[in-house]
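Quick note: the coordinates plus some simple rules give every number you see, no bench work behind them. This is a predicted model, so every value here is computed, not measured. Note that we place each Cβ from the backbone using ideal geometry, even for glycine, and neighbour counts take in every protein chain shown.
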Amino acid sequence: MNKAITDGVDLMPPGFGEGLNVWSNQDGTPGSTTYNSAGSAAIVPSDSDFGTCLELQKTDAVQKLRYTGETPLLAGCYLKVTARLKAMSGNLPSVRVAGWAGAAGGAHVAGLVETGPEVALTTYGDIVEVTAIIGAGNRGGVDMVWGAAPVYGHFGLDLTGGNGGVVRIEDIRIEDATNVFLRNMMDWVDVRDFGAVGDGITDDRTAFEAADVAAAASGRKVLVSEGTYFIGDHLTIDARVRFEGKVTMADETRLILMQNYELTSYVDAFGDEELAMKKALQALFNFTDHESLDMCGRRVKLSAPLDVHAVVVDKDNYANRRVIRNGQLESDGGAAWDTEVVVEQAAYNPAFPTRLSNVTGLVGIPVGSLVEGIGVGREIYVTSKNVAAGTIELSLPLYAAPALQNYTFRRFKYLLDFSGFTFLQRFAIDDVEFLCQGNCSGLMLPSDGLTFQVRDCYITAPKDRGITSAGRGCSGLELDRNHFLSNEQAMDAGDRTTIAFNVNANDAKIRDNLGVRFKHFGVMHGAGHLILSNHFYQGDNAHSNDRTAGLVLTAYNCGSVLANNYVDNCSIDWTNERDETPDNLTGATFGGLTVEGNFFFANHAPNWFAWLRVKPCGANHYINGLNVSGNIFRHSTGTVARVDVADESIAPLKRDSFRDILFQGNTFYAVDQKTMNPLVHEIDQPGFAQAWSADVGDVLPFAGKAQRVVSVVAHNQIDNPAGTKIFALPYAVTKLGTNGTEIKLHWPEAVSGKVYATVRTDLF
């Protein structure tokens, strides 16, 4: 590097024998007086030690000797100024190398050290050598640190001490001394060579930029050598960079590493993994050359929830694809992770279904809090608040909530919290483990957005929630191949409180995930969901009778598919608990659900347990569109009464209005009563009768009524008492008996025989 820098540049000043008109007794700047024809200076042509040299008598307090030529200062180059001299007579002075720092345009660069180490002459005739190194970098061995501002210098000597002494001075040498610090084949440039100070106070940004330009031009790396470097504004480094020293900058100031953008480089830069994670995320949202932050397999321990929006500072909305991948995040378990709990009074009016008004203590209620109270469904959150108006906006409506009551607000703390973004689109978290350690929750989604992806991640031991959507940032959510491992695995199922994830909006894709022993695997509102090939199980070691829902579907017209899942010791609950008018007044009711190809399993479950549960929270609800086909229902110890039930603790199902229900092709093991629709029911009439009666019992879905007989097929010959074959068809009367499960076939005359009647519980 040094040869390349100084090729073609003549650093050496002319010898004294060539004339004293280029040697000044001032600073050497244009207009300075010279020693030419000065009485105090003479050329000695043949000194025994120096040959041709300068003899100089000290007449000034500081006797200056400066070369009037402009010696260039090149970036990354260090100059060594050397002189040999001896005292001849009179007072013995001291001597030092000295210079004058010049900026572009000829201005003096003030405030710099412009003298080297001073050496005293103690004996006449003894040769003394003085030297000093000048350069931009603040490094050991550099006597005059000039930074990047000077572009040339006037160099020479100073004589100090008493006047009257005479000295002889050999020709002054100026040489490239860069090799003292840098080997020719070194593949980096050091920021100190471009003026960086590294004291943690001086703003070194300009030096970093200059080093980056030099490194990029020569295909080298930037070296941030030992020290602490304050960077006063945003900094982008285009070249590859290696950190031996550390960087410090304001929270809102960005560091962009273009060539080695990954977490390890930021850890090297800042010396603290938590700060490095924040700075790397800040960069992720603020430049386009990289779409993902690679954590490089590192585990980052966080002392407080990482508020991504607060870290990014300057963006509320973001739509470019971004990814965090390949690492671990861990809570340190400190007080910053404690759940905030507030109890305040508020009013509710179903005319404003997602609003609480006249809220007391509103200032102290955090946005993103879970809301609890009478008529509050599962996973209802505070999305925003208006302190001036005294109102809170909720993620979803309440049902049958009183006009005025106390509500409990719980703000869980999350390792990664994106809730500050008003809209975030196409963000992904890939192959990251959330080590909650029972101290905190995992991930809070943005308040609104599209297609947030979490894939191949582990969410381990969350205190309260794995993934939370407090608003509509879950629209199009994709959860793929994740492991949700509860912190409550040793607890009885009925005592658990944690939930793996929730969804408020439409079109979620929940695929190939594992959920282990939560209260609920998922609570899902909205429609258009695909819930495919997951395994979630919620039994307990005590084999208690408690069972909870694996999935809770809270939109009555959910339009969703549940296929190829392993549903283990838990149920699928379908409710309308987020309906501000829970009574069905318009015909909108439960429908649009396909449950196909799943394996439903239980062991040690009580006989009353059922895998499919419908719970209307208001009157006049029925099922209008349900397909349950090709599933396996198996209980391994004892039996269950049936696979489907209606929870009518709030309101009954309107069974005489069922429509479009298909419940067929399923396999049942240790289930007392199979469920089918359509149901092929055998009616055997050994005696002669004109009216044949049959009770289909509880075979129809959700103990439905026998609404229709859609076909009657004779098993054998139908005879009258005379033995005559009867080919006439009967007509059917349905919904007879106390439960509406009896049918009656009416023939033209008394007949006997056996038929198969296809009975349905749904209407056209």
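Where the centroid of each part is defined by its Cα atoms, how far is region 162-176 from region 23-48 in Å?
If we compute the Cα centre of each part, the gap is 11 Å.
If I histogram all Cα-Cα distances within region 467-547 using bins 10 Å wide from 0, what percent of pairs lands in each bin?
Going from the shortest bin to the longest, the percentages are 20, 46, 28, 6.
Can you give the percent of C-alpha pairs in region 364-463 whose distance is more than 19 Å? Could you put the intermediate results ahead of the total?
On the way: 2571 of 4950 pairs.
For region 364-463, the share of Cα pairs beyond 19 Å comes to 52 percent.
With an 8 Å cut-off on Cα pairs and a minimum separation of 6 or more residues, tell me the relative contact order of the chain in percent. Show your work: numbers first, answer last.
Values: 2260 pairs, mean separation 43.2, N = 764.
6 percent.
Given the pairs Lys246/Lys301; Lys413/Lys519; Lys509/Lys654; Lys221/Lys315; Lys301/Lys413; Lys278/Lys413, which are separated by over 24 angstrom at their Cα positions? Could the numbers behind the result be given before it?
On the way: Lys246/Lys301 20 Å; Lys413/Lys519 19 Å; Lys509/Lys654 31 Å; Lys221/Lys315 32 Å; Lys301/Lys413 15 Å; Lys278/Lys413 17 Å.
Checking Cα-Cα distances, Lys509/Lys654; Lys221/Lys315 exceed 24 Å.
Counting other C-beta atoms within 10 Å, which of Ile201, Ile392 has the fewest, and how do the rest follow? Each step should come with its number before you reach the end.
Working: Ile201 10, Ile392 25.
So the ranking, lowest neighbour count to highest, is Ile201, Ile392.
Counting other beta carbons within 10 Å of each Cβ, put Thr758, Thr160 in order, fewest first.
Numbers: Thr758 14, Thr160 17.
By the 10 Å Cβ count, ascending: Thr758, Thr160.
Can you put Met258, Met249 in order, fewest other beta carbons within 10 Å first?
Numbers: Met258 17, Met249 21.
Listed from fewest to most nearby Cβ atoms, that is Met258, Met249.
Where in region 662-764 are there trypsin sites (Lys or Arg not before Pro) that are in a DSSP coil and have at most 12 other Cβ atoms within 10 angstrom of their Cβ? Don't jump to the answer; show the numbers that get you there.
Values: sites: Lys674, Lys705, Arg708, Lys725, Lys735, Lys744, Lys754, Arg760; in loops: Lys674, Lys705.
Nothing satisfies the criteria.
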